[in-house]
Amino acid sequence: MRSALLRQLRNAYRGLPKPARHFLREITTGRPFVTLSPHLPIAIHGAFQRMSERSEDAFADGAYYEFGVYRGYSLWFAEQISREYAGANFTCLGFDSFRGLPASTVDGSVYDTGDFAAGYDEVVANLHAHGADFQRLRLFQGFYGQELFEDLARDYDFPPVAICTIDVDIYESCLEVLRFLHDRLRVGSIIIFDDYNDMGASDEHGERRALQTYRLAHPTFSLRHLRDVGPEAAVFEVTAI
């Protein structure tokens, strides 16, 4: 009876997609290499799939951006599937303080300074250990803000946004990210807000409030809501800049 059950479990495991097998394997370790948002890989995969259905050159000159890398899983996942959907020159760019969340005036009652901290060396080690291609991937370190992004832009020519994941939790960080992305978004860019419906989907908090603030400052900017994924994430497509 026991051997038959084990055989059934092994067969079921082997029939799962690779990311699902990876998730189950990792959650049995002491500090697993998994995302805190199980729905996020679904949203990322859907974005790559949607983009690829437009045309053969849908990813041309563009890149995948991710803000809020944590331990690196979703960035790793994006780099892995980009090999299938995008060209050899496609890059995945990850941005994080690697020191956790900064203080927040708006959302400080929900999140503490330093939440979700994972060090730079830990993230790099995770990515290397799981086969990330650092010819297709680059990390940028620092707390989001005008000074950081201007410094980075002096040293790196950031390409247009094909797909972007914003997983920064708090209002101030999200608003700084949107300001940085403004000149890099284009019609058709897909933005995944991982925490859009967090904090009760309140218009007074987090990524939802940041997007409203940004849109007030840029009245011609327009998005089409594509879908919600999981309890908190929302996926949008840029329709006008």
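Histogrammed with a bin width of 10 Å, the alpha carbon distances of the stretch 81-156 distribute as 16, 37, 34, 13, 1 percent, first bin at zero. Distance between the pseudo-spin-label points of residue 84 and residue 204 (7 Å out from Cα toward the beta carbon): 4.3 nm.
In this simple spin-label approximation, residue 227 and residue 99 carry label points 7 Å from Cα along the Cα→Cβ vector, and these lie 3.9 nm apart.
Shape class for the stretch 191-241, computed from the alpha carbon gyration tensor (a ≥ b ≥ c): oblate, with a/c not under 1.5 and a/b at or below b/c. When each of 241, 163 is scored by the number of other beta-carbon atoms lying within 10 Å, the sequence from fewest to most is 241, 163.
Mind running the shape call on the stretch 33-240? Use the C-alpha gyration tensor, a ≥ b ≥ c as the square roots of the eigenvalues: rounded below 1.5 for a/c, prolate if a/b tops b/c, oblate otherwise. Rounded shape, in that the Cα axes give a/c under 1.5. Computed over the stretch 122-241, the percent of Cα pairs more than 21 Å apart is 44. Helical content of the chain, expressed as a calculated mean residue ellipticity at 222 nm, amounts to -11500 deg cm²/dmol (DSSP H runs of 4 or more residues, -39,500 (n - 2.57) each, divided by residue number, nearest 500).
What net charge is computed for the residues neighbouring residue 152, neighbours being all others with C-beta under 14 Å from the C-beta of residue 152, Lys and Arg scored +1, Asp and Glu -1? Charge balance in the 14 Å sphere: -4.
FYI, it's all coordinate maths here, none of it is from the lab. Treat the numbers as computed from the prediction; the structure is a model and nothing was measured. Using ideal geometry, Cβ is built from the backbone for each residue, glycine included, and neighbour counts are taken over all protein chains shown.
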